[in-house]
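See below for the structure under consideration.
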Amino acid sequence: MFHRESGVFKTTYSADMALYPLPIAKWTVAVLALIFVVIVPLTVHEYYLSILNLIFIAIVGALGLNILVGYTGQISIGHAAFMSVGAYTAANLAVRLDLPFWITLPAGGLMAAAIGVIVGMPSLRIKGLYLAIATLAGQLIIEWTINHVPAISGGAQASIQVDRPSLFGFSFNTQGSLYFFLLFFAVVAIVATLNLVRSRIGRAFVAVRDQDIAAEIIGIDIYRYKLLAFAISSFYAGVCGVLYTYYFGIANYEQFQLIVSIDYLAMIIIGGLGSVLGSILGAIFVTLLPIVIRILMENVGSLFFTTAEMANVISGLRLGAFGGLIIFFLIVEPEGLNRLWRNIRSYFRVWPFSY
Amino acid sequence: MTRFVRSWLGIAAATATLAVDGGQAFAQKELVFGLQCDRTGVTATVGVNLCPGYHDYIALVNSKGGVEGFKIKVLEVDNEYKVPPAMEAHERFKKEGAVLEGLFGTASTMALTKKLEEDKILGTSPGFGTAAAADGKRFPYTFPIAASYWSQAGAAVAFAKEKLGGTLKSKKIAYLFFDNPAGKEPMPIFEELAKSEGFELRTFAVPAPGLEMGAQILDITSRFKPDFIITHLFGRSPSVSIKELKGKGYSLSKVVAFVWGSAEADIIAAGGMGVAEGYNGIQFAGVGKDFQVIKDIEAMYKAQGKPVPKEMDSTVYYNRGVFMAALHVEAARNAIKAKNGAAPTSEEVKKGMEQVKGFTLGGLVPPMEITPTDHEGGGWVQIWTVKGGKLVKSKDWFQGFRPVILKHLEAEAKKS
């Protein structure tokens, strides 16, 4: 990731597809692991861990959406609804049957995958904007169902309190311990996606995205792969919803509304469609940027304004700056932050002899 | 040294100076309050007027020497009515050592309930969250401190009963509500009261975003023809309901709105005070400028030579901000007094909040009594009515069907 090759010496397909293109990449991963598993939790204040926790959850959701939108080319604005399916499945199982998280979490994912396949069925006949509207319908139907079926939502408030996840008697009830809980699932999701996209299934997804008729002609069952993409993507969304549920200690209806689907779409578009690193960068960007802008403005603004005056200015300017930066980054590099990062790398690959 | 480097060094130096200043300020006796607000999200219309009220009251307290010698520093975070930023805001307040925090938004109140309990920091949620949070034993660190939707439902029915001549036997009441969890929450109270008071209840749901309710209003006014209408709407939808009901010729004096549909802004958006003559709204804080504390805030601005902020004209929301700040300050005051002037911890401030009693701020705050078991403070409300172009108090602080509400709270407590 952070290394420079001296040239391309790959002679086989398997070398080209390897997770670690060079031995040094292993060291990069080892150093990243050391930083995130040891150094960060030991040195960083709980507050910053809480932000990282939000980013980890967002990464899982963004990866899922990117598999569907970025890799398979099927637009979905029902992602938040799939999260809520996962969240309520896990919450009901955890509260009614008192099941531990290592059962409720995959169960939430699988339930979301099943619903995802149903919502994804229109993708077999329609594409593009039409599919977007069909998935929007899915979002609204799921929202309505959760709101109106007490058996799912657990009563008029449509929210179910769950206990903190625990493993062998250890309860993850602080930001510090939840950090490891969420880090684990974020890493699993990243590794799983990296492997998925270089497998037969991942290649089939890309083929469907690039030209589905051509894909069908070369023998890819596009019905199967489109639905599989919806299932896998919804599985990630469901897991993301379960993580939200355990992180907040509650499954809440208002937490998974349409606007959240749009937020996740924004993440993968800014990060870069069809790339794992892009999903991660997008999740970081969308979660972190408002916080960074605010902290920056509070420090600069306190020179000129009182707290009360500043509050209005910050809120407005923050939204403006956030939108402005998104436009800026997309104009600089329409293919997202991932492409930007690759451009920087390829620039330095030949630096200083760039001509 | 290039100019670029020099300018950065300059900024670094300025930051360092600030940091030192901050350090010195902290040596003073200071309490930190956290305030979540929504100035840009779906409830921004509330936040932009409510939060300035909060800041102004704190500034007033600070200008008079603070609370028991402690200056109060307010940290505000705009959570955009979203849940993840609310969690970030809470962690930020905790890092800065906040002794209490004001929550904003039902979803974020619910999402933070567990965290507040784990971190032992009290959060207030006037008009947000669940009615069950009034139960201090079940939710020790969540304080609604104002009438919940259940209490408002009781009050609305009590008001209807009074307006319809003291009895509701064989009368018809329509409940027009926003189709979300908050809108459905008061239903059990209405259903029980419908049985015990003998009125016919019919409910009419308005789907989000609530800007189109022609069908429901037509159904109410032409088919059901109720004697009274209770509305529970949010955002822009209260103004739509006023316009539609007026358009169908229904007398607005037989309409009562819950707390988020009874502000000046809703009435003005519906076409102005003149249009909404007779419209009733439930309030959990005093309305208008006729309070000593409001005059003191105005005087504070005049003394500083600044214009009085325009947010003050939106008295319903502004006063709710003052109401919140005043209760926060009282909780801190009780806690400091209990420690004989030493800085209280967040747990002690929570105990201080549970001792708030007989604090009315000249009528802006109801005669509430917050106890370790009752975090709602009794569920007191007022009714204000549009009369002659302005809001006039038509019913002073009262509790509607309190025994019924308490019974439901008990039943809810047994469930868990």
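Counting only lysines at least 8 places from A:K226 when in the same chain, those with an alpha carbon closer than 22 Å to its own are A:K127.
The 1.4 Å probe gives accessible areas that order B:W397, A:W351, largest first, as A:W351, B:W397. Solvent-accessible area per residue in segment A:44-350 equals 42 Å², computed with a 1.4 angstrom probe and all protein chains kept. For the residues of B:109-120, the average number of beta carbons from a partner chain within 10 Å of their own beta carbon is 5. With all pairs of different C-alpha atoms in the average, the Kirkwood value for the hydrodynamic radius of chain B is 22.3 Å. What a 1.4 Å probe finds exposed on chain B is 56% carbon and sulfur by accessible area, rounded to a whole percent.
Residue by residue, segment B:331-347 carries 3J(HN,Hα) couplings of 4, 5, 4, 4, 5, 5, 4, 5, 9, 6, x, 7, 5, x, 8, 5, 5 Hz when phi is fed to the Karplus relation 6.51 cos²θ - 1.76 cosθ + 1.60 (θ = phi - 60°); x denotes Gly or Pro.
Averaging 1/r over every pair of different alpha carbons in segment A:44-350 and inverting the result gives a Kirkwood radius of 20.2 Å.
Using a 1.4 Å probe on protein heavy atoms only, how many Å² of accessible area do B and A hide from each other, summed over both chains and rounded to 100?
On the way: alone 17210 and 18730 Å², together 32340 Å².
The summed interface area works out to 3600 Å².
Over the protein assembly as shown, the hull volume per residue, using the convex hull of the C-alpha atoms, is 187 Å³.
For peptide A:46-56, the mean count of partner chain Cβ atoms within 10 Å of a residue's Cβ comes to 4. Solvent-accessible surface of segment A:1-43, averaged per residue with a 1.4 angstrom probe and all protein chains in place: 81 square angstrom. Within segment A:146-198, what whole-number % of the accessible surface is contributed by carbon and sulfur, with the 1.4 Å probe and all protein chains included in the calculation? Heavy-atom surface of segment A:146-198 belonging to carbon and sulfur, 1.4 Å probe: 72 percent. For segment B:58-142, the calculated P(r) over all alpha carbon pairs, in 10 Å bins from 0 to the bin holding the longest distance, is 17, 46, 29, 8 percent. Applying a threshold of 18 Å to the alpha-carbon distances of B:K115/B:K414; B:K225/B:K387; B:K71/B:K295; B:K137/B:K339; B:K73/B:K95 flags B:K115/B:K414; B:K225/B:K387; B:K71/B:K295; B:K137/B:K339 as lying beyond it. Average accessible surface for segment B:37-96: 27 Å² per residue, computed with a 1.4 Å probe over protein heavy atoms with every protein chain in place. Inter-chain neighbour count for B:70-79: the average number of beta-carbon atoms from partner chains within 10 Å of each residue's beta-carbon is 3.
Ordering of A:154-162, B:297-305 by packing is A:154-162, B:297-305, highest average first (other Cβ atoms within 10 Å, averaged per residue).
Suppose we keep just the DSSP beta bridges with both residues in the protein assembly as shown; what percent of those would be antiparallel, to 5?
Details: 18 of 51 bridges.
Around 35 percent of the beta bridges assigned by DSSP in the protein assembly as shown are antiparallel ones.
Here A:T11 sits with roughly 130 square angstrom of accessible surface, probe radius 1.4 Å. If you look at the Cα atoms of segment A:216-299, you get an Rg and a Dmax of 16.7, 60 Å.
Over segment A:1-43, with every protein chain in place, what whole percent of the accessible area is carbon and sulfur at 1.4 Å, could you tell me?
Ligands and nucleic acids excluded, carbon and sulfur reach 72 percent.
Secondary-structure-derived ellipticity at 222 nm for chain A, considering helices only, amounts to -23500 deg cm²/dmol, per-run term -39500 (n - 2.57) for DSSP H runs with n ≥ 4. Loop-located chymotrypsin sites (Phe, Trp or Tyr not before Pro) in segment A:143-184 (DSSP state not H, G, I, E or B) with no more than 16 neighbouring Cβ atoms inside 10 Å: A:F168.
Helix-derived [θ] at 222 nm for chain B: sum -39500 (n - 2.57) over DSSP H runs of at least 4, divide by residue count, nearest 500? The partial results should precede the final answer.
Numbers: 14 runs with 182 residues, N = 416.
The per-residue figure over chain B is -14000 deg cm²/dmol.
Got a sec? Charge dipole of segment B:96-191, +1 on Cβ for Lys and Arg, -1 for Asp and Glu; which of B:F104, B:A147, B:F190 is way out at the positive end? So the residue furthest toward the plus end is B:F190.
Directionally averaged projected area (segment B:328-416, Cα convex hull): 8.1 nm². Spin-label pair A:S166-A:R125: with each label point 7 Å from Cα along the Cα-Cβ axis, the two points sit 5.1 nm from one another.
For chain A, list the DSSP H helices whose alpha carbon atoms reach 18 Å or more along the long axis and whose average Kyte-Doolittle value is -1.0 or above?
Values: long enough: A:46-66 (29 Å, 1.57); A:79-96 (26 Å, 0.74); A:101-120 (27 Å, 1.83); A:128-148 (30 Å, 0.98); A:175-197 (32 Å, 2.03); A:222-248 (38 Å, 0.96); A:258-271 (20 Å, 2.29); A:276-301 (37 Å, 1.88); A:307-332 (36 Å, 1.64); A:337-350 (21 Å, -0.64).
Long hydrophobic helices here: A:46-66, A:79-96, A:101-120, A:128-148, A:175-197, A:222-248, A:258-271, A:276-301, A:307-332, A:337-350.
The values are calculated or read from the model by the stated rules, or taken from the named source; none is laboratory data. Values in this document were obtained by computation on a predicted structure and should not be read as measured data. As a convention, Cβ positions derive from the backbone with ideal geometry for all residues, glycine included, and neighbour counts pool all protein chains shown. Protein only, heavy atoms only, side chains kept; ligands, DNA and RNA dropped before computing areas. Shrake-Rupley method; radii C 1.70, N 1.55, O 1.52, S 1.80 Å.
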